[in-house]
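The values are calculated or read from the model by the stated rules, or taken from the named source; none is laboratory data. Worth saying up front: this structure is predicted, and the values here are computed from it rather than measured. As a convention, Cβ positions derive from the backbone with ideal geometry for all residues, glycine included, and neighbour counts pool all protein chains shown.
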Amino acid sequence: MSHSVLVVEDEPNIVLSLQFVMKKAGFTVRIAGDGQEALNEIARDIPDLVLLDIMLPKRDGLDVCETIRANPDWSAIKIVMLSAKSREADKEKALAIGADDFIAKPFSTRELGDRVKALLGLGVSS
Amino acid sequence: MSGGLVISVSFMYLGLIFAIAYYGDIRAEQGRSLTKNPYIYTLSIAVFCTSWTFYGSVGRAATSGLGFLPIYLGPTLMFMVWSVVLVKIIRICKVNRITSIADFISSRFGKSSTLGGLVTIIAVIGTMPYISLQLKSIATSFTILVNAPGEPSMWSSNGEGIFAMDTTFMVALTLAMFSILFGTRHIDASEHHEGLVAAIAFESVVKLFAFLAVGIFVTYGINDGFVDLFSKAQARTDLDFVFNIGNDTGYSQWMTMTILSMAAIICLPRQFYITAVENADEGHLRKAVWLFPLYLLIINLFVLPIAVGGKMTFAGTSADADMFVLTVPIFHDQGALALFVFIGGLSAASSMVIVAAIALSTMVCNNIVMPILLRMHWTGGEERRDLSGLLLLIRRASIVVILFLGYGYFRIASESHSLVTIGLVSFSAAAQFAPAIFIGIFWKGASRNGALVGLLLGFLIWVYTLLLPSFAQSGWLPISFIENGPYGIAFLKPYALFGLEGLDRLTHALLWSMFFNIGGFIVISLRSQQGAMERIQGTLFVDVFLHTEEQKESGSRYWSGSATITDLQELVGRFVGDRRAAQAFHRFAQENNIQLNKTTIADSALLDHAETLLAGAIGSATARVMIGSVVKGEIVGLDDVYQILDETSQVIEYSRQLETKSKELEDTTKQLQTANERLKELDELKDDLLSTISHELRTPLTSIRAFSEILSDNPEVLEEERKRFLGVIIKESQRLTRLIDQILDLAKMEAGRMDWSMGKVELVEAVEQALAAMDGLVKEKNVELTLTIPSGVPPVMADRDQLVQVVINLVSNAIKFCKHPGGKVEVSAVIRENDVMVSVSDNGAGILPENQNRIFEKFHQTNQISDQMPRGTGLGLAICREIITFFGGKIWVKTAKEKGACFLFTVPFALPEIKTTAMSAE
């Protein structure tokens, strides 16, 4: 059974690329355009992993991350933060509130795929 | 009788008096006072009975019967009925160390030296007739005595010519000498003049016995007692008047004289001095209130008998009734009795002259000379002279001047008047002090200015209605002054002022002078503001019975001092003499059981004591200034207060400037803080901008990189998908380029390195071009865009591309922020005098007033962003402002009619002169 990934991103072109990369890796992909939509999607069906942009309309990525971590039912969800904010402080803040990984934009699609697989306990694709 | 004999006896008598005074002083210094008992006190008050009483009363009785009596009724009433007033005055004098009536009035009204001076001047001028009366009586009685029948005369006959003048002159000189001997042997600091009081009391006994002797001689020697005498008199028609009160004006004059003498018993400078200043113990007054009236009664017992006896003795002659007391014994060949009578008269006259001269000289010294010297800063400074000698000199000179003023008045006016008439002129002058004293000790509202005006008006009326006429009657002024008024103005006739006729002269003068005196005093008091010192002194006087108790507890009026005991002692020593000052300080130390260490700072009790010592020598007002001058930090004297106020106001001005400066500094600091906060904010904004720019740059970069890798890693991607991915890459690259261009543009504009291509631009064309570029966005967002530009807008001076950019920025913002759905954007233009104003408004949420200025700053991004819209760069409006400012226009934002934002900017017309002609052609 394939893992499910929720992509939370407001920039349509980036969503398009992420969707392509995740599908290619064999995951089922769902999309959310903002933080509120993301939480709604998670509540509907808990994904294995969330790719979470920080700069989002309505509720930003950090807020969504904290909300997920505050819910014991959702503790199994892996969270990878994506951000154009590339400073070390931003990364530390994201990890401090419970993100499993932090990837700066622009990112390498290969590296992104490897990190997601590693988090989900899958071997690096050969 | 031999002139030599009379002179010898006179000098022996005066010598005896002086010896008594000297002995009295010695006893006082030994602490075995002769005078501290109510009997001596009462006898000393009897200085009231002068030659006026001794000779004049009989004269008065011989012409107007009982008319001599009111002069004694007044004091009797005063002592028996209103002794409470006397007690209050005495208490005030003791508490405040008052040395004279001038000191009293000046102290009451804020220690005003002007008032003290005025009172002194009035007192000196007012006493002048009174002294002349004494001189006249002594001279006349002397002349009569040495010209007695059967004596070879070496003195002139009828009191006429050069010898008479000489007699009076010699009398004046002698009395001046004795006054100096009695009163100014040394400057007395704190003690009373006990010797003087003893001598005066002795003289009162002598004059009483002399007068009684004549009375008894006339009643029992010549006649067989009262009954015999008066029945003889009744038999004679020419003596009817003796038993009547008198003529038409008799009753009003009785009233007037009673009132005058009530005032005189305390307002005459010498009476004030003896009754209040020299009073050793308030308790003595309790006996004096009936003893003094008793003395008056006894001395008046034989006035009528002597008058009647004299009238009968000298019936049909023109003998001077004023001298009956002397001439009746001479007529009956009673040489020894006549001599005794002469000595009695001398006692009456000399006691008055000596006390008056001492009291007045103290006033002249303390209230006129000292204030002037102080004003000239003569006593201040470094020179350490012993001033007691100078003070004595001033007082002695004053005595001489005062006596010769009396002599002068005698020469000018007295010769033609009876003794009583002259005396009443003096009484009226002294009565002018009554309002200031009696109202002043009961009404706190009485003010210095009121007292000044009242005294001055009363005094002037007195001069006009009594003094000047007496000169006129003696021929020194034209008699028409009295008969027709000055310059023939009847309204101003001195005996019928303002048309008031039908009163005797005295009542007339008293009525007007008191009307103006009391009226001016009260009216001005009610209308004038009291100074601090006046209020303090007013309370001290009016509430004297309250304050005396308080002062014993709280002690001093001085707060603190920086003067050492040596300073104080030297200061006091300069006025009272070093030895006396040392004694006084030593005694103070003993009494208070303290050690006087020379370098110790004087405490307030000692300061008060020093002021008391000085006040005895130089008056309380002056003493306060002098003590104040060594006690730094104490506010004293009005002049000092003014000086301190001057300095204080300079300090206040200076500190006010300081305050202004520090306020300016505070303001500057505030501005700096604000600027600093703005800087911080700007700095944060810059950080935010960099972060935003970074974000904005990374977003397209992310897409570009992602799709490049996808295409590179996945050759199997379908052709259609590949095209789409490449399209994204191209679009994002363009977006990246635009962003970079904007950043660079703004940087250039700010640095002033922008290449502008300025020229005439048709506004309508530029706006239409901008809107055309927005067409796609307008359709995509389904916004209703309206354009309203009037025809004939003159060309503007601008860079066409940049102007288009401004419109694009504003319109795209409007589209971004307007209502969704149902968005409306309106672009319009208004032609103004020198420029055109373009507005771009939307129907969105609008911009909060507090953000309306800051929105144009670069890096500023509003938080009121639409959820649907991507964030801006924060550079658009900043770029617009740079552009419009460069064109010479302005750009701003306000709240639109429908609550949305309305951006406005102006662009100046290209050629104003063309526009002007276009305007005039219209």
Could you check the range B:740-759 and list, in sequence order, the residues that are in contact with a helix residue (DSSP H, G or I) (Cβ under 9 Å, 6 or more places away or on another chain), of a type outside the set (Asp, Glu) and either within 14 Å of chain A (Cβ to nearest Cβ) or surrounded by fewer than 14 Cβ atoms within 10 Å (Cβ to Cβ) (or both)?
B:740, B:753, B:756, B:757, B:758, B:759
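Listed here are the residues, each with its yes/no results for (1) away from chain A (no Cβ under 14 Å); (2) buried (at least 16 other Cβ atoms within 10 Å of the Cβ); (3) in a helix (DSSP H, G or I).
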| residue | (1), (2), (3) |
| --- | --- |
| B:679 | yes, no, yes |
| B:700 | no, yes, yes |
| B:711 | no, no, yes |
| B:724 | no, no, yes |
| B:732 | no, yes, yes |
| B:738 | yes, no, yes |
| B:765 | yes, no, yes |
| B:777 | yes, no, yes |
Within the group B:49, B:93, which residue is buried (at least 19 other Cβ atoms within 10 Å of the Cβ) and farther than 22 Å from residue B:131 by Cβ?
B:93
Determine which single condition residue B:332 fails, assuming it passes every other condition in (1) within 56 Å of the chain's Cα centre (by Cα); (2) surrounded by fewer than 22 Cβ atoms within 10 Å (Cβ to Cβ).
(1)
Residue B:346: modelled with pLDDT of 85 or more and surrounded by fewer than 24 Cβ atoms within 10 Å (Cβ to Cβ), yes or no?
no
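Give B:61, B:148 a once-over and let me know the one that is assigned by TED's automatic domain parsing to the domain that holds residue B:306, over 17 Å from residue B:271 (Cα atoms), buried (at least 24 other Cβ atoms within 10 Å of the Cβ) and modelled with pLDDT under 85.
After applying the criteria, what remains is B:61.
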A careful count of residues in the range A:96-105 that are buried (at least 21 other Cβ atoms within 10 Å of the Cβ) and either within 14 Å of another protein chain (Cβ to nearest Cβ) or over 13 Å from residue A:52 (Cβ atoms) (or both) gives 1
State which residue is surrounded by the most Cβ atoms within 10 Å (Cβ to Cβ) when the search covers only the range B:96-145 and only residues that are among the small types (Gly, Ala, Ser) and in contact with a Pro (Cβ under 6 Å, 6 or more places away or on another chain).
B:123
Kindly indicate whether any position in the range B:474-484 is assigned to a helix (DSSP H, G or I) and either in contact with a Leu (Cβ under 6 Å, 6 or more places away or on another chain) or polar (S, T, N, Q) (or both).
yes
Taking the range A:36-48 on its own, how many of its residues are surrounded by 18 or more Cβ atoms within 10 Å (Cβ to Cβ) and either within 11 Å of chain B (Cβ to nearest Cβ) or within 9 Å of residue A:7 (Cα to Cα) (or both)?
1
Specify the residue that is farthest from residue B:704 (Cα to Cα); the eligible residues are those in the range A:11-21 that are facing chain B (nearest Cβ under 8 Å) and at pLDDT below 90.
A:11
Can you tell me which residue is nearest to the other protein chains (Cβ to nearest Cβ) among those in the range A:72-89 that are surrounded by 16 or more Cβ atoms within 10 Å (Cβ to Cβ) and touching an Asp or Glu at 6+ places or on another chain (Cβ under 9 Å)?
A:84
In the range B:588-609, what residues are under 18 Å from residue B:94 (Cβ atoms) and either in contact with a Gly (Cβ under 9 Å, 6 or more places away or on another chain) or surrounded by fewer than 16 Cβ atoms within 10 Å (Cβ to Cβ) (or both)?
B:591, B:605, B:608
Residue B:142 is checked against (1) touching a residue at least 40 places away in the same chain (Cβ under 8 Å); (2) part of a helix (DSSP H, G or I); (3) under 20 Å from residue B:434 (Cβ atoms) and fails just one. What number does that condition carry?
(3)
Yes or no: the range A:73-96 includes at least one residue that is touching a Lys or Arg at 6+ places or on another chain (Cβ under 7 Å), over 20 Å from residue B:688 (Cβ atoms) and free of Cβ contacts under 8 Å to residues at least 12 places away in the same chain.
no
Condition broken by residue B:37, with the remaining ones in (1) among the polar types (S, T, N, Q); (2) modelled with pLDDT of 80 or more; (3) surrounded by 24 or more Cβ atoms within 10 Å (Cβ to Cβ) satisfied
(3)
Failed condition for residue A:84, given (1) out of contact with any His (no Cβ under 7 Å at 6 or more places or on another chain); (2) modelled with pLDDT under 90
(1)
Would you confirm, using the coordinates I've provided, whether residue B:696 is within 14 Å of another protein chain (Cβ to nearest Cβ) and modelled with pLDDT under 80?
yes
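Considering each of B:710, B:743 in turn, give the residue that is farther than 30 Å from residue B:856 by Cα and out of contact with any Asp or Glu (no Cβ under 8 Å at 6 or more places or on another chain). Give the derivation first.
Details: B:743 fails: farther than 30 Å from residue B:856 by Cα.
The conditions single out B:710.
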Quick one: in the range B:741-763, which of the residues that are outside any helix (DSSP H, G or I) and basic (Lys, Arg) is modelled with the lowest pLDDT?
B:753
Tell me, yes or no, whether the range A:51-58 has at least one residue that is surrounded by fewer than 16 Cβ atoms within 10 Å (Cβ to Cβ) and away from chain B (no Cβ under 14 Å).
no
Residue A:25 passes all but one of the listed conditions (1) facing chain B (nearest Cβ under 10 Å); (2) in contact (Cβ under 8 Å) with a residue 24 or more places away in the chain; (3) surrounded by fewer than 21 Cβ atoms within 10 Å (Cβ to Cβ); the exception is number (1)
